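The values are calculated or read from the model by the stated rules, or taken from the named source; none is laboratory data. This is a predicted model, so every value here is computed, not measured. All Cβ positions, even for glycine, are placed from backbone atoms using ideal geometry, and neighbour counts span all protein chains on display. We work out accessible area using only protein heavy atoms, side chains counted, and drop any ligands, DNA or RNA first. Shrake-Rupley method; radii C 1.70, N 1.55, O 1.52, S 1.80 Å.
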Amino acid sequence: MSISRMVYTGTSYFGEYAREKIAEEVSKRHFRKALLISDKALEACGITGKIEEVLKKNGIPYTLFDEVKPNPAIENVRAGLACYKNSGSDFILAVGGGSVIDTAKAVAVTANNPENEDIVSLEGMDKSKNPAVPLIAVPTTAGTGSETTMDYVITNTQEKRKMACMDSKVVPAAAILDTEIMASLPLSLTAATAMDALTHAVESYLSKGAFSFSEMLSLKAVSLISENFIRVVKEPGNYEVRKELAIAQYLAGMSFTNVGLGIVHSMAHPLSAFYDIPHGTANALILPHVLEFNAAACPEKIRQLAAAFDPSFDTSKSAEEASAHCVEIIRSFLTASGLPQHLYELGVRESDFEALAQSACEDAATPDNPREADENTIKQLYQSMYK
(Lines give C-alpha, C1' and ligand atoms only; values in the text may rest on other atoms or scores of the structure.)
Protein backbone atom coordinates (compact mmCIF):
# COMPACT_ATOMS: atom_id res chain seq x y z
CA MET A 1 0.00 0.00 0.00
CA SER A 2 1.43 3.40 -0.99
CA ILE A 3 1.18 6.45 1.26
CA SER A 4 1.00 9.94 -0.25
CA ARG A 5 2.15 13.04 1.63
CA MET A 6 1.42 16.76 1.30
CA VAL A 7 3.75 19.33 2.92
CA TYR A 8 3.40 23.05 2.30
CA THR A 9 3.66 26.51 3.89
CA GLY A 10 1.61 27.19 7.02
CA THR A 11 0.35 30.72 6.21
CA SER A 12 0.35 32.50 2.84
CA TYR A 13 -0.83 35.89 1.60
CA PHE A 14 -1.58 36.88 -2.00
CA GLY A 15 -2.18 40.35 -3.41
CA GLU A 16 -1.12 43.95 -3.83
CA TYR A 17 0.92 45.24 -0.86
CA ALA A 18 0.74 41.85 0.86
CA ARG A 19 4.15 42.74 2.31
CA GLU A 20 2.37 44.70 5.04
CA LYS A 21 1.47 41.29 6.56
CA ILE A 22 5.12 40.68 7.45
CA ALA A 23 4.75 42.65 10.68
CA GLU A 24 1.71 40.59 11.71
CA GLU A 25 3.56 37.32 11.15
CA VAL A 26 6.64 38.53 13.04
CA SER A 27 4.50 39.69 15.98
CA LYS A 28 2.39 36.55 16.35
CA ARG A 29 5.47 34.32 16.13
CA HIS A 30 7.36 36.47 18.66
CA PHE A 31 10.39 36.91 16.41
CA ARG A 32 12.91 39.53 17.50
CA LYS A 33 15.34 40.26 14.66
CA ALA A 34 15.53 39.34 10.96
CA LEU A 35 18.40 38.38 8.73
CA LEU A 36 17.09 39.91 5.50
CA ILE A 37 18.48 37.87 2.60
CA SER A 38 18.27 39.35 -0.92
CA ASP A 39 20.57 40.19 -3.84
CA LYS A 40 22.31 43.25 -5.27
CA ALA A 41 19.97 43.58 -8.26
CA LEU A 42 16.86 43.72 -6.06
CA GLU A 43 18.61 46.16 -3.74
CA ALA A 44 19.56 48.40 -6.68
CA CYS A 45 16.05 48.51 -8.14
CA GLY A 46 14.45 49.31 -4.79
CA ILE A 47 12.53 46.09 -4.17
CA THR A 48 14.54 45.13 -1.09
CA GLY A 49 14.02 48.68 0.12
CA LYS A 50 10.23 48.19 0.05
CA ILE A 51 10.61 45.38 2.55
CA GLU A 52 13.04 47.41 4.64
CA GLU A 53 10.41 50.16 4.85
CA VAL A 54 7.93 47.69 6.34
CA LEU A 55 10.50 46.51 8.89
CA LYS A 56 11.50 50.06 9.89
CA LYS A 57 7.89 51.25 10.11
CA ASN A 58 7.06 48.43 12.50
CA GLY A 59 10.23 48.64 14.57
CA ILE A 60 11.57 45.26 13.50
CA PRO A 61 15.40 45.20 13.64
CA TYR A 62 17.28 43.46 10.86
CA THR A 63 20.66 42.80 9.26
CA LEU A 64 20.89 42.76 5.46
CA PHE A 65 22.75 40.09 3.49
CA ASP A 66 22.46 40.92 -0.21
CA GLU A 67 25.30 38.83 -1.65
CA VAL A 68 23.16 36.07 -3.20
CA LYS A 69 24.19 35.11 -6.74
CA PRO A 70 22.10 33.55 -9.52
CA ASN A 71 22.37 29.76 -9.28
CA PRO A 72 23.81 30.10 -5.75
CA ALA A 73 26.88 28.06 -4.91
CA ILE A 74 28.14 26.45 -1.71
CA GLU A 75 30.39 29.45 -1.08
CA ASN A 76 27.36 31.74 -1.23
CA VAL A 77 25.59 29.75 1.48
CA ARG A 78 28.66 29.83 3.70
CA ALA A 79 28.84 33.62 3.42
CA GLY A 80 25.16 33.89 4.35
CA LEU A 81 25.64 31.53 7.29
CA ALA A 82 28.54 33.62 8.62
CA CYS A 83 26.36 36.73 8.38
CA TYR A 84 23.54 35.00 10.25
CA LYS A 85 25.84 33.91 13.06
CA ASN A 86 27.15 37.46 13.50
CA SER A 87 23.75 39.16 13.23
CA GLY A 88 22.01 38.05 16.41
CA SER A 89 18.91 37.24 14.34
CA ASP A 90 16.33 34.62 15.27
CA PHE A 91 14.57 34.33 11.92
CA ILE A 92 15.29 34.77 8.22
CA LEU A 93 13.32 36.95 5.80
CA ALA A 94 14.07 35.94 2.20
CA VAL A 95 13.21 38.52 -0.48
CA GLY A 96 13.84 37.42 -4.07
CA GLY A 97 13.46 34.68 -6.61
CA GLY A 98 14.37 31.03 -6.33
CA SER A 99 18.09 31.72 -5.90
CA VAL A 100 17.50 33.91 -2.86
CA ILE A 101 14.94 31.63 -1.21
CA ASP A 102 17.07 28.54 -1.89
CA THR A 103 20.08 30.25 -0.30
CA ALA A 104 17.94 31.28 2.67
CA LYS A 105 16.76 27.68 3.14
CA ALA A 106 20.33 26.39 3.13
CA VAL A 107 21.40 29.06 5.63
CA ALA A 108 18.37 28.31 7.82
CA VAL A 109 19.09 24.61 8.04
CA THR A 110 22.86 24.84 8.50
CA ALA A 111 22.51 27.51 11.21
CA ASN A 112 20.90 24.92 13.49
CA ASN A 113 22.77 21.90 12.12
CA PRO A 114 26.52 22.55 12.37
CA GLU A 115 27.27 19.01 11.19
CA ASN A 116 25.89 20.08 7.77
CA GLU A 117 28.04 23.20 7.38
CA ASP A 118 29.95 21.53 4.55
CA ILE A 119 26.64 22.01 2.59
CA VAL A 120 27.44 18.94 0.46
CA SER A 121 25.93 16.70 3.15
CA LEU A 122 22.53 18.36 2.65
CA GLU A 123 22.08 16.78 -0.77
CA GLY A 124 19.20 14.32 -0.83
CA MET A 125 16.15 13.93 1.40
CA ASP A 126 15.86 15.11 5.04
CA LYS A 127 19.57 15.19 5.80
CA SER A 128 19.29 17.55 8.79
CA LYS A 129 18.46 16.52 12.37
CA ASN A 130 17.39 19.76 14.06
CA PRO A 131 14.65 22.23 13.07
CA ALA A 132 15.79 24.98 10.71
CA VAL A 133 15.78 28.65 11.67
CA PRO A 134 12.25 29.98 10.95
CA LEU A 135 11.90 31.46 7.47
CA ILE A 136 9.45 33.95 5.96
CA ALA A 137 9.61 33.99 2.15
CA VAL A 138 8.73 36.97 -0.05
CA PRO A 139 9.05 35.73 -3.65
CA THR A 140 9.60 38.49 -6.21
CA THR A 141 8.76 36.27 -9.18
CA ALA A 142 5.82 34.01 -10.02
CA GLY A 143 7.87 31.00 -10.96
CA THR A 144 9.86 28.82 -8.60
CA GLY A 145 7.20 28.12 -5.98
CA SER A 146 10.09 27.99 -3.49
CA GLU A 147 7.96 29.80 -0.91
CA THR A 148 5.88 26.64 -0.40
CA THR A 149 8.36 23.85 -1.08
CA MET A 150 10.82 21.78 0.91
CA ASP A 151 13.19 21.80 -2.09
CA TYR A 152 16.27 23.92 -2.63
CA VAL A 153 19.09 23.66 -5.14
CA ILE A 154 22.70 24.67 -4.50
CA THR A 155 25.48 24.56 -7.10
CA ASN A 156 28.60 22.56 -6.41
CA THR A 157 31.01 24.61 -8.52
CA GLN A 158 33.92 22.19 -8.06
CA GLU A 159 31.94 19.32 -9.57
CA LYS A 160 29.95 21.53 -11.99
CA ARG A 161 26.59 20.21 -10.88
CA LYS A 162 23.52 21.26 -8.97
CA MET A 163 22.71 19.53 -5.70
CA ALA A 164 19.03 18.80 -5.16
CA CYS A 165 18.21 19.12 -1.46
CA MET A 166 14.82 18.25 0.04
CA ASP A 167 13.99 18.80 3.69
CA SER A 168 10.55 19.26 5.24
CA LYS A 169 12.16 21.35 7.99
CA VAL A 170 12.89 24.23 5.59
CA VAL A 171 9.33 24.81 4.36
CA PRO A 172 8.76 28.53 5.10
CA ALA A 173 6.64 29.41 8.11
CA ALA A 174 4.91 32.09 6.03
CA ALA A 175 4.84 33.21 2.40
CA ILE A 176 4.10 36.74 1.24
CA LEU A 177 3.22 36.95 -2.48
CA ASP A 178 3.07 40.69 -3.17
CA THR A 179 1.80 41.40 -6.70
CA GLU A 180 2.93 45.03 -6.62
CA ILE A 181 6.50 43.81 -6.15
CA MET A 182 6.16 41.15 -8.86
CA ALA A 183 4.83 43.74 -11.34
CA SER A 184 7.99 45.83 -10.99
CA LEU A 185 10.29 43.17 -12.45
CA PRO A 186 11.43 43.08 -16.11
CA LEU A 187 9.17 41.30 -18.59
CA SER A 188 11.92 38.86 -19.61
CA LEU A 189 12.24 37.68 -16.01
CA THR A 190 8.47 37.49 -15.63
CA ALA A 191 8.23 35.26 -18.71
CA ALA A 192 11.11 32.96 -17.74
CA THR A 193 9.80 32.44 -14.22
CA ALA A 194 6.25 31.83 -15.44
CA MET A 195 7.65 29.11 -17.70
CA ASP A 196 9.44 27.67 -14.67
CA ALA A 197 6.08 27.44 -12.88
CA LEU A 198 4.49 25.87 -15.96
CA THR A 199 7.26 23.26 -16.07
CA HIS A 200 6.66 22.46 -12.40
CA ALA A 201 2.96 22.03 -13.10
CA VAL A 202 3.41 19.83 -16.17
CA GLU A 203 6.15 17.65 -14.72
CA SER A 204 4.42 17.12 -11.37
CA TYR A 205 1.22 16.14 -13.19
CA LEU A 206 3.05 13.55 -15.29
CA SER A 207 5.35 12.41 -12.45
CA LYS A 208 5.32 8.76 -11.39
CA GLY A 209 4.57 9.98 -7.87
CA ALA A 210 1.45 11.96 -8.82
CA PHE A 211 -1.87 11.21 -7.14
CA SER A 212 -5.35 12.76 -7.18
CA PHE A 213 -4.61 15.71 -4.87
CA SER A 214 -1.36 16.67 -6.59
CA GLU A 215 -2.92 16.21 -10.05
CA MET A 216 -5.71 18.64 -9.14
CA LEU A 217 -3.16 21.26 -8.10
CA SER A 218 -0.99 20.70 -11.18
CA LEU A 219 -3.83 20.94 -13.71
CA LYS A 220 -5.23 24.09 -12.09
CA ALA A 221 -1.76 25.65 -12.25
CA VAL A 222 -1.48 24.77 -15.96
CA SER A 223 -4.88 26.34 -16.62
CA LEU A 224 -4.06 29.55 -14.76
CA ILE A 225 -0.72 29.98 -16.53
CA SER A 226 -2.19 29.19 -19.94
CA GLU A 227 -4.97 31.72 -19.39
CA ASN A 228 -2.68 34.47 -18.16
CA PHE A 229 0.74 34.09 -19.82
CA ILE A 230 -0.02 36.16 -22.93
CA ARG A 231 -2.00 38.62 -20.80
CA VAL A 232 0.97 39.32 -18.52
CA VAL A 233 3.20 39.85 -21.58
CA LYS A 234 0.73 42.42 -22.91
CA GLU A 235 -0.29 43.89 -19.54
CA PRO A 236 2.74 43.59 -17.24
CA GLY A 237 1.26 46.07 -14.77
CA ASN A 238 -2.03 44.20 -14.34
CA TYR A 239 -2.03 43.16 -10.66
CA GLU A 240 -4.92 40.73 -11.04
CA VAL A 241 -3.08 38.83 -13.76
CA ARG A 242 0.01 38.81 -11.53
CA LYS A 243 -2.07 37.42 -8.69
CA GLU A 244 -3.33 34.56 -10.86
CA LEU A 245 0.25 33.69 -11.83
CA ALA A 246 1.34 33.90 -8.19
CA ILE A 247 -1.39 31.46 -7.22
CA ALA A 248 -0.40 29.20 -10.12
CA GLN A 249 3.24 29.03 -9.04
CA TYR A 250 2.14 28.31 -5.48
CA LEU A 251 -0.12 25.43 -6.56
CA ALA A 252 2.59 23.98 -8.81
CA GLY A 253 5.09 24.29 -5.95
CA MET A 254 2.77 22.46 -3.56
CA SER A 255 2.44 19.68 -6.09
CA PHE A 256 6.00 19.09 -7.23
CA THR A 257 7.61 19.31 -3.80
CA ASN A 258 5.53 16.31 -2.76
CA VAL A 259 5.47 14.16 -5.91
CA GLY A 260 8.61 14.99 -7.88
CA LEU A 261 9.39 16.30 -11.35
CA GLY A 262 11.08 14.75 -14.41
CA ILE A 263 13.84 15.07 -16.98
CA VAL A 264 13.05 18.66 -17.98
CA HIS A 265 14.56 19.59 -14.64
CA SER A 266 17.23 16.91 -14.88
CA MET A 267 18.38 18.42 -18.18
CA ALA A 268 18.01 22.04 -17.05
CA HIS A 269 20.13 21.66 -13.93
CA PRO A 270 23.43 20.86 -15.70
CA LEU A 271 22.80 23.69 -18.20
CA SER A 272 22.75 26.10 -15.26
CA ALA A 273 25.74 24.43 -13.60
CA PHE A 274 27.87 24.40 -16.80
CA TYR A 275 26.82 27.72 -18.36
CA ASP A 276 25.05 29.66 -15.59
CA ILE A 277 21.87 29.72 -17.70
CA PRO A 278 18.85 30.97 -15.69
CA HIS A 279 16.80 28.01 -14.53
CA GLY A 280 13.48 29.24 -15.93
CA THR A 281 15.02 29.93 -19.34
CA ALA A 282 16.49 26.42 -19.48
CA ASN A 283 13.18 24.81 -18.46
CA ALA A 284 11.25 26.83 -21.05
CA LEU A 285 13.52 25.68 -23.86
CA ILE A 286 13.50 22.00 -22.86
CA LEU A 287 9.83 21.57 -21.91
CA PRO A 288 8.25 21.12 -25.37
CA HIS A 289 10.85 18.54 -26.43
CA VAL A 290 10.43 16.41 -23.32
CA LEU A 291 6.65 16.71 -23.45
CA GLU A 292 6.70 15.17 -26.94
CA PHE A 293 9.05 12.45 -25.70
CA ASN A 294 6.85 11.57 -22.70
CA ALA A 295 3.52 11.48 -24.55
CA ALA A 296 3.70 7.80 -25.46
CA ALA A 297 4.12 6.76 -21.82
CA CYS A 298 1.00 8.50 -20.50
CA PRO A 299 -1.52 9.02 -23.35
CA GLU A 300 -4.61 9.63 -21.20
CA LYS A 301 -2.80 12.14 -19.00
CA ILE A 302 -1.49 13.98 -22.05
CA ARG A 303 -5.06 14.38 -23.32
CA GLN A 304 -6.18 15.81 -19.97
CA LEU A 305 -3.15 18.08 -19.96
CA ALA A 306 -4.11 19.43 -23.39
CA ALA A 307 -7.58 20.22 -22.02
CA ALA A 308 -5.98 22.12 -19.12
CA PHE A 309 -3.99 24.19 -21.62
CA ASP A 310 -7.07 24.69 -23.78
CA PRO A 311 -10.58 23.79 -22.47
CA SER A 312 -11.85 23.51 -26.07
CA PHE A 313 -9.49 20.61 -26.84
CA ASP A 314 -11.30 17.40 -27.81
CA THR A 315 -9.97 14.75 -25.40
CA SER A 316 -11.07 11.94 -27.73
CA LYS A 317 -8.15 12.84 -30.00
CA SER A 318 -4.91 10.85 -29.94
CA ALA A 319 -2.07 11.39 -27.49
CA GLU A 320 0.09 12.57 -30.42
CA GLU A 321 -2.48 15.24 -31.28
CA ALA A 322 -2.78 16.24 -27.64
CA SER A 323 0.99 16.50 -27.27
CA ALA A 324 1.26 18.55 -30.46
CA HIS A 325 -1.42 20.94 -29.18
CA CYS A 326 0.37 21.43 -25.86
CA VAL A 327 3.67 22.04 -27.64
CA GLU A 328 2.07 24.53 -30.02
CA ILE A 329 0.73 26.56 -27.09
CA ILE A 330 4.05 26.43 -25.23
CA ARG A 331 5.95 27.59 -28.31
CA SER A 332 3.49 30.46 -28.72
CA PHE A 333 4.42 31.57 -25.20
CA LEU A 334 8.14 31.42 -26.01
CA THR A 335 7.65 33.39 -29.22
CA ALA A 336 5.46 36.04 -27.57
CA SER A 337 7.98 36.62 -24.78
CA GLY A 338 11.15 36.34 -26.85
CA LEU A 339 12.55 33.42 -24.87
CA PRO A 340 15.19 31.33 -26.70
CA GLN A 341 14.11 28.07 -28.34
CA HIS A 342 17.49 26.59 -29.32
CA LEU A 343 20.54 25.71 -27.24
CA TYR A 344 22.98 27.37 -29.61
CA GLU A 345 21.35 30.71 -28.75
CA LEU A 346 22.58 30.25 -25.18
CA GLY A 347 26.16 29.39 -26.10
CA VAL A 348 25.81 25.69 -25.32
CA ARG A 349 28.48 23.54 -26.99
CA GLU A 350 27.65 20.26 -28.70
CA SER A 351 30.92 18.87 -27.37
CA ASP A 352 29.41 19.08 -23.85
CA PHE A 353 26.32 16.99 -24.62
CA GLU A 354 27.83 13.77 -23.29
CA ALA A 355 28.80 15.36 -19.96
CA LEU A 356 25.45 17.16 -19.74
CA ALA A 357 23.57 13.90 -20.38
CA GLN A 358 25.59 12.04 -17.78
CA SER A 359 24.83 14.73 -15.19
CA ALA A 360 21.14 14.72 -16.11
CA CYS A 361 20.94 10.93 -15.69
CA GLU A 362 22.32 11.27 -12.17
CA ASP A 363 19.91 14.07 -11.24
CA ALA A 364 17.38 13.44 -8.45
CA ALA A 365 14.44 14.34 -10.73
CA THR A 366 15.15 11.64 -13.33
CA PRO A 367 13.52 8.65 -11.58
CA ASP A 368 10.14 10.43 -11.44
CA ASN A 369 9.92 10.92 -15.21
CA PRO A 370 6.98 8.93 -16.68
CA ARG A 371 9.13 7.47 -19.47
CA GLU A 372 12.50 5.84 -18.92
CA ALA A 373 15.41 7.83 -20.34
CA ASP A 374 19.00 6.64 -20.38
CA GLU A 375 22.11 8.70 -21.02
CA ASN A 376 22.03 8.18 -24.78
CA THR A 377 18.35 9.17 -24.99
CA ILE A 378 18.97 12.36 -23.06
CA LYS A 379 21.97 13.16 -25.25
CA GLN A 380 19.72 12.81 -28.30
CA LEU A 381 17.17 15.13 -26.72
CA TYR A 382 19.87 17.76 -26.19
CA GLN A 383 20.87 17.35 -29.82
CA SER A 384 17.26 17.80 -30.99
CA MET A 385 17.00 21.19 -29.33
CA TYR A 386 20.39 22.51 -30.45
CA LYS A 387 19.22 24.21 -33.69
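Computed quantities for the displayed model
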read-out	value
Inter-residue pairs, beta-carbon under 7 Å, first on the phi < 0 side of the Ramachandran plot and in region 141-160, second surrounded by 24 or more Cβ atoms within 10 Å (Cβ to Cβ) and acidic (D, E), 6+ apart	G143/D196; T144/D196; S146/D102; Y152/D102; V153/D102; I154/D102
Odd one out for I225 among (1) assigned to a loop (DSSP other than H, G, I, E, B); (2) without any contact (Cβ under 8 Å) to a residue 40 or more places away in the chain	(1)
Residue match in region 68-75 (condition: over 20 Å from R32 (Cα atoms) and surrounded by fewer than 16 Cβ atoms within 10 Å (Cβ to Cβ))	yes
The listed residue being touching a Leu at 6+ places or on another chain (Cβ under 6 Å), within 27 Å of D126 (Cβ to Cβ) and in contact (Cβ under 8 Å) with a residue 24 or more places away in the chain, out of Y62, Y8, Y84	Y84
Top-ranked residue of region 28-40 - restricted to ones that are in a loop (DSSP other than H, G, I, E, B) and open to solvent by less than 70 Å² (accessible area, probe 1.4 Å), ranked as nearest to G96 (Cα to Cα)	S38
Residue match in region 255-271 (condition: out of contact with any His (no Cβ under 6 Å at 6 or more places or on another chain), farther than 21 Å from M125 by Cα and either open to solvent by less than 40 Å² (accessible area, probe 1.4 Å) or in contact (Cβ under 8 Å) with a residue 24 or more places away in the chain (or both))	yes
Filtered residue count, region 128-151, keeping only those that are crowded, with 23+ Cβ neighbours inside 10 Å, modelled with pLDDT of 90 or more and out of contact with any Phe, Trp or Tyr (no Cβ under 8 Å at 6 or more places or on another chain)	5
Single unsatisfied condition, T193 versus (1) within 24 Å of I92 (Cβ to Cβ); (2) surrounded by fewer than 20 Cβ atoms within 10 Å (Cβ to Cβ); (3) not aromatic (F, W, Y)	(2)
Residue, farthest from the chain's Cα centre (by Cα), within region 77-94, restricted to residues that are part of a helix (DSSP H, G or I) and surrounded by 15 or more Cβ atoms within 10 Å (Cβ to Cβ)	S87
Only listed residue being within 23 Å of E180 (Cα to Cα) and either among the hydroxyl-bearing types (S, T, Y) or open to solvent by 30 Å² or more (accessible area, probe 1.4 Å) (or both), chosen from E25, E43	E43
Per-region count, region 254-285, residues part of a helix (DSSP H, G or I), among the small types (G, A, S) and at pLDDT 95 or above	5
Set E350, E328, E362, E372: member being under 14 Å from M385 (Cβ atoms) and open to solvent by 50 Å² or more (accessible area, probe 1.4 Å)	E350
